[in-house]
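What follows draws every value from the coordinates through simple rules; no lab data is involved. In this text the structure is predicted, and so the values were computed from the model without any measurement. With ideal geometry, Cβ positions are generated from the backbone for all residues, glycine too; neighbour counts draw on all protein chains shown.
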Amino acid sequence: MKPFSLDPSMRATIGGAFYPTGYSMVMFPKPEDATRVGQQLIDGGVSRDDIFLLPPQAVLSQISPTVEQADDPLPSAGTEGATVRAYTKLAREGHAALLVKTDDSDAAERLMVAVRTVPYAIAQRYRALVIEDL
């Protein structure tokens, strides 16, 4: 797993909110569960380079600010702003996250098989023009 660093490619073209197309974001009430699931994915063959571990502070310092510009001058027409605000609320409660490359539905399902072994709060898959609940 890699520490998270917000890349410009992980932002929406319009508004600039967090929108990492081709990835899924999952938040866990217990940070150790995020680490455990990330390791389980690596053990199952997912590349370490395709998994980012985000402690609550990384969500708050790097992802949360992306909605400040996204809602200026008008609120976003899509759900990306509301989704980031949900991540922010959970991070403030101490939730950690995994951001995992999921290029297709098979990769998303492999991710969720591992995720469902522990309690999680939210799981979203970012596809072109769609944020899908997992």
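Give the peptides 10-16, 121-127 in descending order of average Cβ contacts within 10 Å, highest first. Could you put the intermediate results ahead of the total?
On the way: 10-16: 16.6, 121-127: 19.0.
The densest-packed peptide leads the list: 121-127, 10-16.
If you take Cα extents along the principal axes in Å from the coordinates, which of [x] 45, 30, 22; [y] 53, 47, 21; [z] 53, 44, 21 do you get?
[x]
May I ask for the net charge around Pro3, where only other residues with Cβ less than 13 Å from the Cβ of Pro3 are counted and Lys, Arg are +1 while Asp, Glu are -1? Can you show the working numbers first?
Values: positive: Lys2, Arg48; negative: Asp7, Asp49.
Net charge around Pro3: 0.
With a ≥ b ≥ c taken as the square roots of the eigenvalues of the C-alpha gyration tensor of the stretch 80-134, please select rounded if a/c is under 1.5 and otherwise prolate if a/b is larger than b/c or oblate if it is not? Walk me through the intermediate numbers first.
Numbers: a/c = 2.54, a/b = 1.22, b/c = 2.08.
In terms of gyration-tensor shape, oblate.
Please give every one of the lysines within straight-line cross-link reach of Lys89, meaning a C-alpha to C-alpha distance under 18 Å, and leave out same-chain neighbours fewer than 8 residues apart.
Lys30
Local charge sum around Arg127 (other residues, Cβ-Cβ under 10 Å, Lys/Arg +1, Asp/Glu -1)? List each step's numbers first, then the result.
Working: positive: Arg125; negative: Asp103, Asp104, Glu132.
Taking every Cβ under 10 Å from that of Arg127, the sum is -2.
What does the helix-only formula give at 222 nm for the chain: each DSSP H stretch with n ≥ 4 adding -39500 (n - 2.57), the total divided by the residues, and the result rounded to the nearest 500 deg cm²/dmol? List each step's numbers first, then the result.
Values: 4 runs with 42 residues, N = 134.
Taken over the chain, the calculation gives -9500 deg cm²/dmol.
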